[in-house]
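K.L.:
Take this structure, written in structure tokens, and hold onto it; I'll ask about it next.
The values are calculated or read from the model by the stated rules, or taken from the named source; none is laboratory data. Keep in mind the model is a prediction, meaning the values are calculated, not measured. Don't worry about glycine lacking a Cβ; one is built from the backbone with ideal geometry, like all the others, and counts go over all protein chains shown.
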Amino acid sequence: MSRPEPGEHAATVLEFRRVSKTYGQAPTVVRALAEVDLSVRAGEMVAVMGPSGSGKSTLLTIAGSLEEPTGGEVLVCGLPLADMPRWRRARLRRRVIGYVFQDFNLLPGLTAAENVALPLELDGVAVPKARTAALSALEALGVAGRAAWFPDQLSGGERQRVAIARAVVGDRRLLLADEPSGALDSVNAGEVMRLLHEACQRGVAAVVVTHDAQLAAWADRIVLLRDGRMTGQTTRPPGPESLLLPRETR
Amino acid sequence: MSVPHALLALLSQGPKYGLQLREEFESGTGEVWPLNVGQVYKTLGRLERDGLAESDDTSQDGPQKRFRITAEGRQALADWLRTPPDLTSPPRDELVMKILVAARVPGTDAHEVIQVHRLYLLELMQQWTRLKEGEARDDLSLALVVDAELFRLDAVIRWLDAADVRLARAAAEPPRPASTPGPAPRLRRLGARR
């Protein structure tokens, strides 16, 4: 997979069409999402920002088909989730969607390579093949040397690299991340975002939920949510050249 | 940015020519602060006058002249590095003014005004982050400058978020009874800097 240039047509990996989600029943209905339209193309990283309770996490769990919307339609790789039987949705979650969690969620009894290979093995991929894919994912994230290490032997930054490797291993098309830098310091948190952005440059689509503007700024597009509604989004900003001195004066 | 002290810092590494100082100043500040040659020579002239720098040959002017730092210059540089900048009085911030005004102008939705600025600042942060992702990766000076700019913009966005909440809360609350008599507190030297 390669990343399309701006303006070039890229396949839409995730699409929300007027998606709503409410919890509870009248008169105590809580509206978590209200008619959200969003589409994320292959190779694009979208950050979702908003205050607590704005619907960020609900958007992510619906995108991951872990929850169903109460209104509207969600399509992953062009396929409406609502039309899929439960087993197909589960297969989609295993094969197409990768998750990165705030607290990494690595299994402590497995090595880094085993953690990364696990989703493939659960999907029926033979162990040697899953291991080869896991090692190549760890290699891409610069932690191949830690393949045989257990999570408690790794630093926070290394653990999150392994978690990202697990999320992109195989042929995942959609990466969903909820505050993916967890409690890392700002330099390491930036490094996590750099790795996620690089994964997108290899063709994956990503939705990253964060409350941190510095992390959101790594995304190609930032979407703002408030009270379940999309209140705005950034347009593609100009390149960074305008921030530097003109070439001829350097 | 104190140009005299930045030039003293460069001279503390060894004697240098004016043009060389200009190039090193720009590369040392991540090439985001322009400095013209005239400004360099004017500043060097002042440093020489104040005994903080000296030149090889006082009979020649222009690019042939090489400058070096004096003992007084080294002391002035060391003192400057440890002197905190004046952060005691709030700067006259145009954005703060705009939001204060937006909250008072009838028919203006301050939240919408805040959102316009928030989106603009986020786009600016995206630009700086692209720089961090590219050119600043192997350039420590540029990486430090980019980080400083990102933290500054981040702080402004956080202030906008807080202003958004405060304004919403104030609109939802009933007006408070008239406060106790006496003048309202005023900030010292508001707008004195910049």
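K.L.:
Given the criterion more than 14 Å from chain B (Cβ to nearest Cβ), farther than 15 Å from residue A:230 by Cβ and touching a Pro at 6+ places or on another chain (Cβ under 7 Å), identify the matching residue among A:67, A:73.
P.N.:
Values: A:67 fails: touching a Pro at 6+ places or on another chain (Cβ under 7 Å).
Only one candidate passes the filter, namely A:73.
K.L.:
Turning to a different aspect of this structure: Looking at the range B:1-37, which of its residues are aliphatic (A, V, I, L, M), within 12 Å of chain A (Cβ to nearest Cβ) and out of contact with any helix residue (DSSP H, G or I) (no Cβ under 8 Å at 6 or more places or on another chain)? Steps first, answer last, please.
P.N.:
Kept after step one, since they are aliphatic (A, V, I, L, M), are these residues of the range B:1-37: B:1, B:3, B:6-11, B:19, B:21, B:32, B:35, B:37.
Next, only the ones that are within 12 Å of chain A (Cβ to nearest Cβ) stay: B:32, B:35, B:37.
Hits for the range B:1-37: nothing passes.
K.L.:
Among the residues of the range B:1-49, count how many are closer than 23 Å to residue B:135 by Cβ, in contact (Cβ under 8 Å) with a residue 24 or more places away in the chain and not in a helix (DSSP H, G or I).
P.N.:
Looking only at that region, the number is 7.
K.L.:
Counting only residues that are within 30 Å of residue B:126 (Cα to Cα), aliphatic (A, V, I, L, M) and touching a His at 6+ places or on another chain (Cβ under 8 Å), give me the strands (runs of 3 or more DSSP E) lying completely in the range A:10-118 with at least 2 of them. I'd like the intermediate steps shown before the answer.
P.N.:
On the way: elements: A:12-23, A:30-41, A:45-49, A:71-76, A:97-100.
Hits in the range A:10-118: A:45-49.
K.L.:
Quick test for you: out of A:73, A:35, A:44, pick the one residue that is in contact with a strand residue (DSSP E or B) (Cβ under 7 Å, 6 or more places away or on another chain), crowded, with 17+ Cβ neighbours inside 10 Å, touching a residue at least 24 places away in the same chain (Cβ under 8 Å) and among the acidic types (Asp, Glu).
P.N.:
A:44
K.L.:
So the check is Cβ under 9 Å with 6+ separation or different chains; which pairs have a first residue in the range A:207-220 that's more than 9 Å from chain B (Cβ to nearest Cβ) and closer than 11 Å to residue A:180 by Cα and a second one that's part of a strand (DSSP E or B) and polar (S, T, N, Q)?
P.N.:
Listed by first residue and then by second, the contacts come to nothing, as the list is empty.
K.L.:
Moving to a separate point now. How about the range A:93-108: which of its residues are modelled with pLDDT under 90 and touching a Ser or Thr at 6+ places or on another chain (Cβ under 9 Å)?
P.N.:
Those that are modelled with pLDDT under 90 and touching a Ser or Thr at 6+ places or on another chain (Cβ under 9 Å): A:93, A:102.
K.L.:
Any idea how many residues of the range B:88-132 are within 9 Å of chain A (Cβ to nearest Cβ), in contact (Cβ under 8 Å) with a residue 12 or more places away in the chain and among the charged types (D, E, K, R)?
P.N.:
Count: 2.
Conditions tested, residue by residue: (1) in the same structural domain as residue B:9 (by TED's automatic domain parsing); (2) of a type outside the set (Val, Ile, Thr); (3) modelled with pLDDT of 90 or more.
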| site | (1), (2), (3) |
| --- | --- |
| B:77 | yes, yes, yes |
| B:89 | no, yes, no |
| B:99 | no, no, yes |
| B:102 | no, yes, yes |
| B:105 | no, no, no |
| B:109 | no, yes, yes |
| B:114 | no, no, yes |
| B:117 | no, yes, yes |
| B:120 | no, yes, yes |
